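A short reminder: the numbers here are calculations on the coordinates, not readings from a lab. A quick note: this is a predicted structure, and the numbers were derived from the prediction, not measured. Here the Cβ positions follow ideal geometry from the backbone for every residue, glycine too, while neighbour counts run over all protein chains shown.
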Amino acid sequence: MEVNSSSMNQRIERDHQIREAFLQAILTCDTNEIDYYKQEILKVLKNDTLNIFKRVPGNMLRSYKNFLLSHNTLYSYSAEKGGLSAAKSHFISEKYAIMIEHTDQISKLDMIHLNMIDEYGDPSIRYDKITNPSIADKAIHYIETNFAEEFLIEEMAHDLHVHPSHLMRSFKKEKGTTISHWRNQKRIKEAKGLLIHSNLSMTDIAIMVGFNNSQYFSKIFKKEEGVTPKAFRKAHSNSLEE
């Protein structure tokens, strides 16, 4: 009995060390370390050495959801300590919490977990990781932080301490598109994740990513993706079930 207890304590200690190292990798945005410890975390889950899937008796799905919700908070906190803006951290955390709660399959939760890790560990959304940011870089960071809110170019320019005309010209020259189009692309990207991994209504998704109503959301979505949000959701729902 003592041997078994000692062995379990060692496994718990090792798995917690893996988690701490993983959170540190997310904090520092060390993509190599993130990839390594991501695989280690997946091994812990696969082997279930900590009985994570048994924490809610008879309900593996609820047990896994609880684990992911707690780690969503841990990942968010680590990323924010590492330079992710509070607004962006809040949006990502809220988005994944909704996805987790609206998912009804273990396999889908696995996908959400991997996407969550990749997003929190993405250096491109950490403004402090950009060396000598251009006006366009600053604008993209502003969009990443505020895309779900309505803002005028004049407001953005004021916050970035640049003239609106210069901001628009510089952005178009460097990125080859307009600020408005870039913002819509960002909104559609976020909406696609919610369409695939949640059963939120079109109206809820539209509002969550920054569109005033579902009709305009559907119009922009079809323009960017070639299909309506409903058709996109249906197609990806079928592919996940196959």
Using the structure shown, list the pairs from LYS108/LYS230; LYS95/LYS222; LYS108/LYS223; LYS88/LYS230; LYS138/LYS230; LYS46/LYS219 with a Cα-Cα distance above 31 Å, or answer none.
LYS138/LYS230; LYS46/LYS219
Peptide ranges 27-37, 148-158, 74-84, 201-211 listed from the most packed, as the mean C-beta count within 10 angstrom indicates
74-84, 201-211, 27-37, 148-158
In sequence order, calculated HN-Hα J values of segment 35-44 (Karplus, 6.51, -1.76, 1.60; Hz; x Gly/Pro)
4, 5, 6, 4, 5, 5, 4, 5, 5, 4
Compute the angle between helix 164-175 and the longest alpha-carbon principal axis of the chain, please, reported from 0 to 90 degrees and rounded to the nearest 10.
60 degrees
Show me, for segment 72-81, the HN-Hα J-couplings you get by feeding each phi into the Karplus relation (A = 6.51, B = -1.76, C = 1.60, θ = phi - 60°), rounded to Hz, glycine and proline as x.
4, 5, 5, 4, 4, 4, 5, 5, 5, 4
What is the distance in Å between the Cα centroid of segment 105-156 and that of segment 191-242?
19 Å
Tell me what the chain gives for mean residue ellipticity at 222 nm when only DSSP H runs of n ≥ 4 count, each as -39,500 (n - 2.57), the sum divided by the residue total, rounded to 500 deg cm²/dmol.
-24500 deg cm²/dmol
Per-residue HN-Hα couplings for segment 213-223, Karplus 6.51 cos²θ - 1.76 cosθ + 1.60 at θ = phi - 60°, whole Hz, x for Gly and Pro?
8, 5, 5, 5, 4, 5, 5, 5, 4, 5, 5
Any idea what angle helix 179-197 forms with the longest principal axis of the chain, computed on alpha-carbon atoms, 0 to 90 degrees, nearest 10?
30 degrees
